[in-house]
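First the structure, in the form of structure tokens, and then the observations on it.
Just so it is clear, none of the values below were taken in a lab; they were calculated from the coordinates. The structure presented is a predicted model; accordingly, all values stated were derived computationally and were not measured. Don't worry about glycine lacking a Cβ; one is built from the backbone with ideal geometry, like all the others, and counts go over all protein chains shown.
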Amino acid sequence: MGTRMIGVSIAVPEPYGSLLQQRRAGFGDPAAHAIPTHVTLLPPTEVDAAVLDAFGAHLAEVARTGRPFRLRLAGAGTFRPLSPVVYVTLAEGGPECAALQERVRSGPVARELQFPYHPHVTVAHGVPEEALDRAQRELAGYTASWTVTGFRLYEQGDDGVWRTLRDYPFAHASGLTPGVPQQQSGGLDAAEPVR
């Protein structure tokens with residue numbers, strides 16, 4: 001059956017997801033259109049295809065006991081000099097993301113992290129310093145918030161593009177509209193929330 005490259009993330013909803021993806025492309029990040037805008041719960045991980053069913057059952061159990069929480073993005077940060085990354089910071093929802101990623105990684109796909117978990121939304125990675133500086137400067141005032149109602153399992157295709165394999169809505173999120181934005185600002189083009 002071979003191996004597959006998977007990841008688990010909280011998707012950033014529209015209009016924020018596409019707008020931040022466009023900004024990432026504008027900073028010259030070649031991976032911008034291959035990676036949906038997200039907050040990572042399980043980083044890219046190569047797994048034996050035979051384990052996917054068991055992992056899917058594990059994720060379903062994590063989602064079954066999960067509860068919606070508010071996630072608010074505010075401002076920009078960087079992992080430099082350790083890593084050439086600029087990201088949008090989580091002002092709310094960080095502890096919930098941390099607890100969720102621990103549960104995701106506690107199942108049949110256990111993964112040690114290279115660095116301590118720090119939830120964020122990447123907006124520039126591996127681009128020249130000037131582009132990283134511009135990303136951090138231009139997104140310093142960015143804000144957005146929404147209610148997280150679940151997470152997604154992604155797979156990276158042979159073309160390098162990450163695609164959704166399955167959504168895992170929280171069982172306690174019934175009646176909530178997934179990812180409905182609550183506010184948007186920070187100099188990005190205004191857009192009506194997708195409902």
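A few remarks follow.
- Database remark: amide H of Phe69 closer than 5 angstrom to the amide H of Val148 (H placed geometrically; neighbours at sequence offset of 5 or more, or on other chains; Pro and chain starts carry no H).
- Selected from Ser145, Ser83, Ser18 as most flexible by GNM, with the chain as the system and alpha-carbon contacts under 10 Å: Ser83
- Charge dipole (debye, nearest 20) of the chain; +1 at Cβ of Lys and Arg, -1 at Cβ of Asp and Glu: 460 debye
- Two-decimal log10 I(q)/I(0) for segment 59-120, as the Debye equation yields it once each C-alpha is a single scatterer, q = 0.23, 0.24 Å⁻¹: -1.05, -1.08
- Rough spin-label spacing in nm, given labels placed 7 Å along Cα→Cβ, for Ala54 and Tyr117: 2.1 nm
- For segment 3-170, averaging the sequence separation of C-alpha pairs within contact (under 8 Å, six or more residues apart) and dividing by the residue count gives a relative contact order of 33 percent.
- Loop-located chymotrypsin sites (Phe, Trp or Tyr not before Pro) across segment 93-181 with a Cβ neighbour count of 16 or fewer within 10 Å are Tyr117, with loop assigned by DSSP.
- Highest-fluctuation residue, Asp159, Asp29, Asp53 considered, GNM on the chain with Cα pairs under 10 Å: Asp159
- Result for the chain in a Gaussian network model with C-alpha springs under 10 Å: among Leu52, Leu41, Leu90, the largest mean-square fluctuation is at Leu52.
- Put the Cα centre of segment 67-98 next to the Cα centre of segment 120-172 and the gap is 10 Å.
- Pairs of alpha carbons in segment 3-170 whose separation is greater than 26 Å (percent): 26 percent
- The calculated 222 nm mean residue ellipticity attributable to helices in the chain amounts to -7000 deg cm²/dmol, summing -39500 (n - 2.57) over DSSP H runs of n ≥ 4 and dividing by all residues.
- With all projection directions averaged, the alpha carbon convex hull of segment 18-106 covers 7.5 nm².
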